Amino acid sequence: ILFFLLLGVLYLTITRPTYTSSSTIIIENENSTMSNIFDTGLGNEKNHLENEIEILKSRSTSERAIKALLNSNHKNNLLLFGTKKYNDNYIANFFRNILFLNNNSNLYFRIESPISDDLFRKYVRTLNRSIKISNLRKTDVLQLSYSSTDPNEAALIVNTIIDEYQKRDQEWASGEMSHLKDFLIEQLKVKQVELDKIEQELKTFQENEHIYGLDDNSTLLLKQLTSIESDYYSTEAKKNILYQRKIFFENQLNEDEKDFTDNVVNTIDVQLYSIRQELSSLEADYISTKSREGDAHPAVIELDRKIKNLKDVLNKETLKYVKRGISVANPIEYRQAVMDSVINFEVLISAYDSKLNELKKLVNKYESQLSSLPEKYLMFSRYQRDKVILDETYSLMKQKLEEAKINQASQLGKIRIVDIAVPNSNAVSPNKKLIVILSIFIGFIFSISFIVIYEFLDYTVKSIDEIERRGLAILAIIPSIGNNSQRKGKKKKKGYKINLKSTVSEKLERRLLTHEDPKSPISEAYRSLRTSLLYDGNDIDSKIILITSPGPGEGKTTTVANLAITYANMGKKTLLIDADLRKPVLHKMFKKENGDTARKGLSHFLTGSETDIKKLHFKSDIENLSILTSGIIPPNPSELLASIYMSDFIKQAKNNFDVILFDTPPLIAVTDAFIITKYINKFLLVVRASITQKGALERSLVNMENMNSKIDGVIFNGVDESNTYGGGYYYNYYQYYYGNDEK
């Protein structure tokens, strides 16, 4: 847990805090962005909110924002561009350097000239990935957020994106008017040239022919023709304006949408043919009557009313077919408004074509009547008529141009900023409380998992129950030597400690604790073992005890040595024999030599080179305790132990000692211990907690059973709270008792 907690603290130290700034905007749900001046009567009630979200997320919006930032005064002080360094504190910078997290610090530079396309695209991708857009509570309100390690930079970038998005929306809203304005400016230039030319030609003709007027009949006829022709060219100009608007919207459609629009227009032309024919007829009657009777005549007014009513019917029917057709064929909502407009413009242009046809007929009629005039008067009337028509057409286009300019300037778009982004001083990440809690939680889970897996994979004996389930009696529980081998304030007795490297690759501490510290819990445990052996119900003169273990490094030598000391302390003559003729260590515990240069040992007796046991053993520093080392290591230990000399050795030992203890090799390795079993009274097995393998113990028991031998008891060695289940409480009780006594 502590390790993961330290990892969490390290993560919090090296992680730079992230600040998020947000801006809130509202998208107005307008039916149309077209001006009322050019209103076609078609509405659009579609909600474009999802489209606006996609536009905000689009690459083109990010490109506009990056261009705006590159052209601003902030370009050389932005983490986004790598033109600003993040200032970590000393500790964070130290750990980041160790973990190679500052390897991108060389990207810091200043932007002095136009950047490359690759670098520009990199900035765009970085910005695009960092933008987050959410729709608040299913309203038309959007929240745009950006996160950065600099709160001021986060607010700047959000506001820049919103500004560019709003400008883009305004450009789109006024795009139709811009297109129409350009068209009208070009047409006005053409009409201005034509008007100047006709005025000059009329002036020259009048000066040359001296004709400045016509008679009353000719004047009336010319007036009627001029009126009709003016209406004709005015209608043609309006048709051209609609046509240009239609072109603008068509350019926004793909080929499939254009084909679909044409199909819908053709369908509407067929289905509304009768209405359009009737409208054309009324238009012709209206123009003819108006030219004869004037605007105030009741017949003209009635015809005008009928035409308006019929146009309303035509618009409604057109809307019905448009909506029906598009909703079936093209359910993509955000394209419908454009397609609606194109279809409606096509219908209106068709209506203008019908009107132009009728006006053209009247113009031809009046021109045929004027053709009866003399040539000079006819030319004069034509010049005068062309001038009037050009004047009116020029005035109409001029009026429409001014209207387009006003409409373009008045376009605000549908984006309204509710809240601008401001720097947020509260970091959104990392969440310190959450990281600490998660670190502790993960550490706890990892610890539990590690313990479970470790225990599952651990095949060593760790509990008393595991021994007793095998039908073995536990004679004593020996606490672990560990750090408790020496009580405070107690001086060590000289010369009884040695550290040897065991076969389990660890320092195994062999100590004569019953002699060094008689009041330690471990010494008391060995005395408990002695007591169990003394009062077992067998009343014999000499006790011969063999102590071994399933495997190496389990504490059998330490156990047999300390048990021997407890017998000696009772006043019993005790002989401690090192019967391990392969790797003897008992002589090292008592600081004696062994081998060719040392006193002879057990191997010398068994080979017949020395037959008097008294010449082989030696007195130890402990009263009543004699030691018999292994002697020189022979090439055939098992054969020696099974020789006839072994029986004679046992007889002599019984005659001279009350208690005889054998230290033998491990059972799982060799058969030496089994050979001696026929001479002994007690066969004791040392099992060390968390060291003895369950398999080794099982194999030892099977081998004992195969040789018709039995284990008289188990000594559970090395017990403490950290490596066993149960048994550790023995040490605690002893320590508590002796601690209070000493205090």
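What's the number of the condition Ser690 fails, among (1) of a type in the set (Gly, Ala, Ser); (2) over 18 Å from Thr629 (Cα atoms); (3) more than 59 Å from the chain's Cα centre (by Cα)?
It is condition (3) that Ser690 fails.
Output the residue which, of all residues in the stretch 633-655 that are without any contact (Cβ under 8 Å) to a residue 40 or more places away in the chain and hydrophobic (A, V, I, L, M, F, W, C), is nearest to Thr677 (Cα to Cα).
Among them, the one singled out is Ala642.
Take the residues in the stretch 573-591 that are open to solvent by 10 Å² or more (accessible area, probe 1.4 Å) and in a loop (DSSP other than H, G, I, E, B); name whichever of them is farthest from Leu641 (Cα to Cα).
If we take residues in the stretch 573-591 being open to solvent by 10 Å² or more (accessible area, probe 1.4 Å) and in a loop (DSSP other than H, G, I, E, B), then Lys591 is farthest from Leu641 (Cα to Cα).
Could you please find all residues in the stretch 692-717 being surrounded by fewer than 16 Cβ atoms within 10 Å (Cβ to Cβ), in a loop (DSSP other than H, G, I, E, B) and among the charged types (D, E, K, R)?
Across the stretch 692-717, the qualifying residue is only Lys710.
Looking only at the stretch 646-691, filter to residues that are in a loop (DSSP other than H, G, I, E, B), of a type in the set (Ser, Thr, Tyr) and open to solvent by 10 Å² or more (accessible area, probe 1.4 Å); which one of those is nearest to Lys615 (Cα to Cα)?
Thr671
Which of the numbered conditions does Asn71 fail, given that it passes all the others? Conditions: (1) open to solvent by 90 Å² or more (accessible area, probe 1.4 Å); (2) under 30 Å from Thr13 (Cα atoms); (3) of a type outside the set (A, V, I, L, M).
Only one criterion is unmet by Asn71, namely (2).
Spot the failing condition for Gln408; the list is (1) modelled with pLDDT under 65; (2) surrounded by fewer than 18 Cβ atoms within 10 Å (Cβ to Cβ); (3) part of a helix (DSSP H, G or I), and only one is missed.
Gln408 satisfies every listed condition except (2).
Just need a number here: residues in the stretch 554-572 that are closer than 12 Å to Leu625 by Cβ, open to solvent by 10 Å² or more (accessible area, probe 1.4 Å), part of a helix (DSSP H, G or I) and of a type outside the set (S, T, N, Q).
Final tally of qualifying residues: 0.
Assuming Arg168 fulfils every condition listed in (1) modelled with pLDDT under 90; (2) within 15 Å of Lys67 (Cβ to Cβ); (3) open to solvent by less than 30 Å² (accessible area, probe 1.4 Å); (4) not aliphatic (A, V, I, L, M) apart from one, which condition is it?
(3)
Out of the residues in the stretch 123-160 that are among the β-branched types (Val, Ile, Thr) and modelled with pLDDT of 90 or more, state the one that is farthest from the chain's Cα centre (by Cα).
The qualifying residue farthest from the chain's Cα centre (by Cα) is Thr160.
Taking Lys614, is it within 21 Å of Pro665 (Cβ to Cβ), of a type in the set (D, E, K, R) and open to solvent by 20 Å² or more (accessible area, probe 1.4 Å)?
In short, no.
Which one of these is open to solvent by less than 10 Å² (accessible area, probe 1.4 Å) and either outside any loop (DSSP other than H, G, I, E, B) or among the aromatic types (Phe, Trp, Tyr) (or both): Ser626, Ser638?
Exactly one residue qualifies, and that residue is Ser626.
The values are calculated or read from the model by the stated rules, or taken from the named source; none is laboratory data. As the structure is a prediction and not an experimental result, all values here were calculated from the model. Quick reminder, even Gly has a Cβ in these numbers, built from the backbone with ideal geometry, and neighbours come from all protein chains shown. Please note that ligands, DNA and RNA were not included when accessible areas were found on the heavy atoms of the full protein model with its side chains. Shrake-Rupley method; radii C 1.70, N 1.55, O 1.52, S 1.80 Å.
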